[in-house]
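We did not get these values from a lab; they are worked out from the coordinates using the rules stated. Here the structure is a predicted model, which means the values were calculated and not measured. Cβ sites come from the backbone with ideal geometry, for glycine too, and all protein chains shown count toward neighbours.
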Amino acid sequence: MKKHNFSAGPSILPREVIESTAQAVLDFNGIGLSILEISHRSKDFQAVIDEAVALFKELLNIPEGYSVLFVGGGASTQFCMVPYNFLEKKAAYLNTGVWSKKAIKEAKAFGEVVEVASSAETTYNYIPKGYTIPEDADYFHITSNNTIYGTEIREDLDSPVPMIADMSSDIFSRPVDVSKYICIYGGAQKNLAPAGVTFVIVKDEALNKVSRHIPTMLKYQTHVDGGSMFNTPPVLPIYSALQTLRWIKKEGGVVEMQRRAKERADLLYSEIDRNKLFRATIAAQEDRSYMNICFVMADEYKELEADFMKFATERGMVGIKGHRSVGGFRASCYNAMPLESVQALVDCMQEFEKLH
Ligand SMILES: *Cc1c(COP(=O)(O)O)cnc(C)c1O
């Protein structure tokens, strides 16, 4: 039976990315060796990093004066690297979920943190608006897509101070005005590559402004100077990231990724809204994530949750269980998700409705 992979992360990758990665493990570039057993400083691997950086810049239309880094440690290490490198006195954070909260917690160790708004009291089921960002903040930090709750800031905000964004789960799903940000980071395992590599886009002139000492490995400048080769980078995930970037380009770039994301999301949300058995957890249309689509059983059908899970699993749906803090279901529809899989889930919901 065909599996429809809605996993939240690590998550679906284009089939050809997985195949070319498998091939590179067996024989990299036809050199008679595996990518796993050669130097990261070899010319073959240097070419991989160089092309990955170039494609990042091309696909996201990154202006001059920014560096693209591939490091280890996950997005979670960035929660501390960001304030380490950018927070001199005060930073502003928007609290839209668990990941924002973790970023806020780390930043508090470095200076004053202003939480400009929070949707915590309602289990983060909307994106706050109409708050004030202090003009003397060193930066304003957002989580652009809230993987757990299924809310997303789908357009670049306006801010009186430079922005920093955790784009772990929506990078390359839409065009981004990078010039509004001094730093964009994310774990690659949602929309780009297997787990193990973290991408960072950083504005060079925003670095080295804080007065504290920064440990070598946690200093962005180290990785800028070293071209992501100060130490051994996660070579295999970087190789896969390159394959994904090539795939995105071949498929039509981020504008096409955005079109597909909207098409998938429109299909699934309209079924959730129509089907009497289900209810979307995010009411406001403009806050609904295109990447992580969350829904629960409607109140009068609550007891059918386990039944639907079994029904859907028997029809090939994988990874649709909602996060434990929200419950219900979460269909993660990242870039590589084919429309047919979303249609298969919709069919499943319609068949289930007929039975009740
Ligand atoms: C998954 C996720 C993280 C955590 O990433 P790690 O690489 O596991 O540290 C952080 N932020 C967001 C938005 C995520 O979806």
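Quick look at the values:
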| quantity | calculated |
| --- | --- |
| Additional length obtainable on full extension of the chain from Ala47 to Arg315, 0.36 nm per residue less Cα span | 92.2 nm |
| Rounded FRET efficiency, nearest 0.05, which uses the C-beta distance separating Glu251 from Thr123 and R0 of 45 Å | 0.80 |
| Sequence ranges 93-99, 210-216, 164-170, 257-263, ranked by mean other-Cβ count within 10 angstrom, highest first | 164-170, 93-99, 257-263, 210-216 |
| Charge dipole (region 1-66, unit charges on Cβ, about Cα centre) - positive-most of Gly65, Met1, Leu36 | Met1 |
| Pairs of alpha carbons in the chain whose separation is greater than 33 Å (percent) | 30 percent |
| Rel. contact order, % - alpha carbon contacts under 8 angstrom, at least six apart, the chain | 24 percent |
| Computed label-point distance, nm, for sites Glu88 and Ser325 using a 7 Å Cα→Cβ extension | 3.3 nm |
| Length-normalised contact order of region 16-161 in % [C-alpha pairs under 8 Å, at least 6 apart] | 17 percent |
| All lysines inside 16 Å of Lys209 as judged from Cα atoms, apart from same-chain residues fewer than 8 positions distant | Lys89, Lys90, Lys219 |
| Extension reserve of the Ala298-Ser211 stretch, reckoned as 0.36 nm per residue once the Cα distance is removed | 26.0 nm |
| Under 5 Å, built H, 5+ apart or other chain: amide partners of Tyr93 | Val114, Glu115, Val116, His141 |
| Residue of Asn292, Asn208, Asn191 that the Gaussian network model of the chain assigns the largest fluctuation, springs spanning Cα pairs under 10 Å | Asn208 |
| Helix-only CD estimate at 222 nm, as mean residue ellipticity for the chain, using -39500 (n - 2.57) per DSSP H run (n ≥ 4) | -11000 deg cm²/dmol |
| Listed residues Met217, Met291, Met337, most fluctuating in the chain (Gaussian network, C-alpha, under 10 Å) | Met217 |
| Candidates Gly130, Gly226, Gly322, ranked by Gaussian network fluctuation over the chain, Cα under 10 Å, top entry | Gly130 |
| Local electrostatic count, Ser7, Cβ distance below 13 Å [Lys/Arg +1, Asp/Glu -1] | +4 |
| Contact order normalised by residue count of region 133-283, Cα under 8 Å, 6+ apart, percent | 18 percent |
| Shape of region 79-210, Cα gyration tensor, a/c cut at 1.5 | rounded |
| Nonlocal amide H pairs with Phe329, under 5 Å, H built at 1.01 Å | Phe295, Val296, Gly322 |
| Efficiency of FRET from Cβ geometry, Asn231 and Glu286, R₀ 45 Å, rounded to 0.05 | 0.60 |
| Nearest-20 debye value, region 1-116 charge dipole, Cβ charges on Lys, Arg, Asp, Glu | 580 debye |
| Sites Glu353 and Asp177, calculated FRET efficiency, Cβ-Cβ separation with R0 25 Å, nearest 0.05 | 0.05 |
| Extreme residue, positive dipole direction of the chain, given options Ile49, Cys348, Asn231 (C-beta unit charges) | Asn231 |
| Kyte-Doolittle mean at least 0.0 and Cα axial length at least 20 Å: DSSP H helices in the chain | 43-59, 235-251 |
| Exceeding the 29 Å Cα-Cα cut-off - candidates Lys3/Lys180; Lys2/Lys354; Lys203/Lys321; Lys102/Lys249; Lys102/Lys302 | Lys3/Lys180; Lys203/Lys321; Lys102/Lys249; Lys102/Lys302 |
| Rounded to 5, percent antiparallel among DSSP beta bridges of region 15-251 | 45 percent |
| Long-range HN-HN contacts of Asn292 with modeled amide H, under 5 Å | Cys333 |
| Cα centroid separation, region 1-66 to region 133-165 (Å) | 29 Å |
| Equivalent ellipsoid dimensions for region 222-337 as semi-axes, Å, which come from the Cα gyration tensor, largest first | 35, 17, 14 |
| Cα centroid separation, region 288-323 to region 76-108 (Å) | 32 Å |
